[in-house]
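A short worksheet on the structure shown next.
The values are calculated or read from the model by the stated rules, or taken from the named source; none is laboratory data. Treat the numbers as computed from the prediction; the structure is a model and nothing was measured. FYI the Cβ positions are ideal-geometry reconstructions off the backbone, even for glycines, and counts take in every protein chain you see.
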């Protein structure tokens, strides 16, 4: 029971991060119609910025804030400078440009911060003894903090989507860009904002995720996260924010349980779980659990 | 008083020019109809005025140029287009669709009043306000598209083929509503139609478009009686 609970806690923490990143992917997909391959690397870039600031003894909360603003700017600039001029030509061209950005950002990280891994300080008490005992299982404050912050973030996004005028305009632009423009919505500004917000979510996810494991901050950190988040976004339905969040949590827990209890998977084949999930979804239910059928065309 | 003045409008898609210098005007509170066969450039004219495609020439609204404006700025200037095929936000509720139509407005009270007014004019929408727009019938979606455009309080309403794909009875209903809005709100309209009979019935003036040029213009009565229009669009 104790081991099961600890695996569950770990799974939920990872799942919360996948959920946040999947939500970011879905936001971009709904606006632009592409998966943002550079989503993970944008998050890595901003996480390095946050880490760089923590080494200057700046409080982690402040670093998180600065990283989030940097993420928003990075996302917005990417939309305006790279995506908007290209997407008129073709979706494929946009995908290639985003792949290029993926590689470019990763190399830039290497140039700026080197290829050594680093540990990132946590927002929350992160000592060996900072846990509460649940039925004998250790639930670390750091995990609880991740759950809480991601829940707040997701809650805020849903309030934005469903309760505000801006959210309505975002949904309208996602549903039919031309009609949105004809209704008087400045669609360019809405897309820019969508990219900015999604990169900002990525920045928060990066700063939350990295301290969960020692020496986690490295050039290869975000690629597996992108795979998990893409699997979650596909699984939930690429155009469904709610689906992305639920699927992210499911995949996090499934990963933790399978690698813990199935010795053949262990620590080595974890990422295969995400790939299997992607292939199964594409074969059995291409629109995902909560997505709508139209997305299949893309 | 001239509300919309279009002079020597050229527009097209990429290197293909579709409009070769179209000129037309719409007076205040007037319904003007543009007739023409498939490919004559009717939809292109509408898209050019609404700012969706690149265009050259003169487009003035009440004397002020709106030719360089992006679509949302054209709406802000007071011109709203009901696009061909309706352009419904399928996954948004009827209510949300109408709120999107008021995107450029800040007057909460006025928006509320307009919602109530259009729900009264379009009772079929009122009974479905929480329903997803994608589940409405073609006629209902056309009504929704018109109501959505009206939510921006336009000075000029552009309608691109409002009869497309609708049953004759429903077409009648749509045009009745357009006529009613025109009379009650003194709203000027520019309507593009293939169904010449019904469109000429509510219009005061008309233009005939062929291969990207205006080949004939006049009062609705005079076009109804012209041989060219009769043979091509009225069928007698």
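Look at the stretch A:101-140 and say how many of its residues are crowded, with 18+ Cβ neighbours inside 10 Å and part of a helix (DSSP H, G or I). So the answer is 6. Checking each residue in the stretch B:78-92 for being assigned to a loop (DSSP other than H, G, I, E, B) and at the interface with chain A (Cβ under 8 Å from one of its Cβ atoms) picks out B:83, B:87, B:88, B:89, B:90, B:91, B:92. When you scan the stretch B:119-129, do you find a residue that is crowded, with 19+ Cβ neighbours inside 10 Å, in a helix (DSSP H, G or I) and out of contact with any strand residue (DSSP E or B) (no Cβ under 6 Å at 6 or more places or on another chain), even just one? Looking through the stretch B:119-129, at least one residue is crowded, with 19+ Cβ neighbours inside 10 Å, in a helix (DSSP H, G or I) and out of contact with any strand residue (DSSP E or B) (no Cβ under 6 Å at 6 or more places or on another chain). Counting only strands (runs of 3 or more DSSP E) that sit wholly inside the stretch B:1-52, those with at least 2 residues that are farther than 19 Å from residue B:162 by Cβ and free of Cβ contacts under 8 Å to residues at least 40 places away in the same chain are B:16-27. What are the residues in the stretch A:146-159 that are without any contact (Cβ under 8 Å) to a residue 24 or more places away in the chain and either at the interface with another protein chain (Cβ under 10 Å from one of its Cβ atoms) or under 30 Å from residue A:121 (Cα atoms) (or both), if any? Correct list: A:148, A:152, A:155, A:156.
Restricting attention to the stretch B:68-77, the residues that are more than 22 Å from residue B:162 (Cβ to Cβ), in contact with a helix residue (DSSP H, G or I) (Cβ under 9 Å, 6 or more places away or on another chain) and more than 7 Å from every other protein chain (Cβ to nearest Cβ) total 2. Within the stretch B:54-71, being part of a loop (DSSP other than H, G, I, E, B) and crowded, with 16+ Cβ neighbours inside 10 Å holds for B:66, B:67, B:69.
Among the candidates A:46, A:73, A:34, the residue that is part of a loop (DSSP other than H, G, I, E, B) and either in contact (Cβ under 8 Å) with a residue 40 or more places away in the chain or buried (at least 20 other Cβ atoms within 10 Å of the Cβ) (or both) is uniquely A:34.
Annotation: residue B:82 fulfils all but one of (1) at pLDDT below 95; (2) buried (at least 19 other Cβ atoms within 10 Å of the Cβ); (3) within 18 Å of the chain's Cα centre (by Cα); the unmet one is (1). Of all the listed residues (B:178, B:223, B:169), the sole one being surrounded by fewer than 16 Cβ atoms within 10 Å (Cβ to Cβ) and over 16 Å from residue B:43 (Cβ atoms) is B:169. Residue check: residue A:134 meets all listed conditions (1) without any contact (Cβ under 8 Å) to a residue 12 or more places away in the chain; (2) touching a helix residue (DSSP H, G or I) at 6+ places or on another chain (Cβ under 7 Å) but one, namely (1). Taking into account only those residues within the stretch B:157-173 that are assigned to a helix (DSSP H, G or I) and under 15 Å from residue B:200 (Cβ atoms), which is farthest from the chain's Cα centre (by Cα)? Checked the stretch B:157-173; the qualifying residue farthest from the chain's Cα centre (by Cα) is B:172.
Return the residues of the stretch A:205-220 that are surrounded by fewer than 24 Cβ atoms within 10 Å (Cβ to Cβ) and either part of a helix (DSSP H, G or I) or within 13 Å of the chain's Cα centre (by Cα) (or both); say none if nothing qualifies. The answer is A:211, A:212.
Inclusion of residue A:24 among residues that are surrounded by 23 or more Cβ atoms within 10 Å (Cβ to Cβ), more than 14 Å from the chain's Cα centre (by Cα), modelled with pLDDT of 95 or more and closer than 30 Å to residue A:139 by Cβ is not warranted.
Filtering the stretch B:85-99 to residues that are surrounded by fewer than 20 Cβ atoms within 10 Å (Cβ to Cβ) and either under 18 Å from the mean Cα position of the chain (by Cα) or under 10 Å from residue B:132 (Cβ atoms) (or both) leaves B:85, B:90, B:91, B:93. Close contacts from the stretch A:256-267, counting a first residue that is at positive phi and a second that is assigned to a helix (DSSP H, G or I) and surrounded by 11 or more Cβ atoms within 10 Å (Cβ to Cβ), with Cβ to Cβ under 9 Å and a gap of 6+ residues or different chains, come to A:266/A:259; A:266/A:260. State yes or no: is residue B:36 more than 14 Å from every other protein chain (Cβ to nearest Cβ), at pLDDT below 95 and closer than 24 Å to residue B:194 by Cβ? It is true that residue B:36 is more than 14 Å from every other protein chain (Cβ to nearest Cβ), at pLDDT below 95 and closer than 24 Å to residue B:194 by Cβ.
Do we have residue A:194 as touching a helix residue (DSSP H, G or I) at 6+ places or on another chain (Cβ under 8 Å), part of a helix (DSSP H, G or I), in contact (Cβ under 8 Å) with a residue 24 or more places away in the chain and surrounded by fewer than 22 Cβ atoms within 10 Å (Cβ to Cβ) here? Taking the combined requirement at face value, the residue does not satisfy it. Take the conditions within 14 Å of chain B (Cβ to nearest Cβ) and surrounded by fewer than 17 Cβ atoms within 10 Å (Cβ to Cβ) and apply them to residue A:164. Does it pass? So residue A:164 passes the test. Residue count for the stretch B:100-131 satisfying the condition of being over 19 Å from the mean Cα position of the chain (by Cα), within 13 Å of another protein chain (Cβ to nearest Cβ) and at pLDDT 95 or above: 1.
Considering A:236, A:243, A:266, A:260, the condition of being within 14 Å of chain B (Cβ to nearest Cβ) and either surrounded by fewer than 24 Cβ atoms within 10 Å (Cβ to Cβ) or at pLDDT below 95 (or both) is satisfied by A:243 alone.
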